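Reading through the structure tokens given below for one structure.
Quick note: the coordinates plus some simple rules give every number you see, no bench work behind them. Just so we're clear, the structure is a prediction, and the values are computed from it rather than from any experiment. Cβ coordinates were reconstructed from backbone atoms using ideal geometry, including for glycine residues, and neighbour counts include every protein chain displayed.
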């Protein structure tokens, strides 16, 4: 009888113990489920700008998207990541537009914070705080010239996210865009990079067009190429290529043209450059030059 009582007590203790463990296990499970549910419940704000949204709202949403795409690109094929890049680019551009609209007061005054030293600004505490928040998500205040400032993605941001994780054409495109965006291209109708840099940039994009003719990026790249080619050969309002008084191409520009022709004789850029030189040397009126050489022909 005593043995039976002892056996019953042991069995009862085991049951109680199991129930306790089950209760603890269930409690942990509920806690984890609640945590996951809380994370799943978060939704980024709409990409349509709203006056009720604050800087933190946009930053938090950008962080959410970055976490999401980091997970996706680690599991995707390069071709799938091409689409991820396209979608992510659109979302970031939308949020950046909203941040620019939100901070017009800072953007209008930003150049006034310049100290007089190159690329040096004495920013108020509130602006420093916002700049630090923007930097967390790869954004910056960028002085565009002529008293104009905008919020932009850092030049190498997309490369840092997608390098070697997309198709070869996208990889080349993203890498070159990072280089192109390191500095302002033009300000108030005036070229900000050197003519030689512009010539080299043309060759890079021409090579892209020749190497990846069926790329989904080809239209964008082609439009970009011809825009650069127009500036290179026809000049800009504040960066002329032709001396009207002396009726000749400026010496330094002709020197650059000769460099491109010599280094890349079989390129379309060189071909159009030769046509331009011939047209100007034949003293064809300036307003007829563009039609004469027909850049896209």
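Table for the structure above
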item	result
Label of the coordinate-derived value, log10 I(q)/I(0) by the Debye sum over Cα atoms at q = 0.09, 0.11 Å⁻¹, listed as (1) -0.39, -0.60; (2) -0.65, -0.87; (3) -0.45, -0.68	(2)
Degrees between helix 78-102 axis and first principal axis of the chain (Cα, 0 to 90, nearest 10)	80 degrees
Sequence of 201, 247 once ranked by neighbouring C-beta atoms within 10 Å, starting from the fewest	247, 201
GNM result for the chain, Cα springs below 10 Å: residue of 168, 78, 285 fluctuating most strongly	285
Between helix 55-75 and the chain: long-axis angle, C-alpha atoms, 0 to 90°, nearest 10	80 degrees
Prolate/oblate/rounded call for segment 185-297, Cα gyration tensor, a/c under 1.5 rounded	prolate
Least to most buried among 49, 98 (fewest other Cβ within 10 Å first)	49, 98
Span from the segment 110-168 Cα centroid across to the segment 63-84 one, whole angstrom	24 Å
Cα-Cα pairs of segment 124-257 separated by more than 19 Å (percent)	61 percent
Residue with peak Gaussian network fluctuation, the chain [Cα springs, cutoff 10 Å], from 165, 272, 214	214
Footprinting exposure proxy for 276, 295 (fewest neighbouring C-beta atoms within 10 Å first)	295, 276
Among 284, 151, 261: highest mean-square fluctuation, GNM of the chain, C-alpha pairs under 10 Å	284
Principal-axis tilt of helix 168-180 within the chain, Cα atoms, nearest 10 degrees	70 degrees
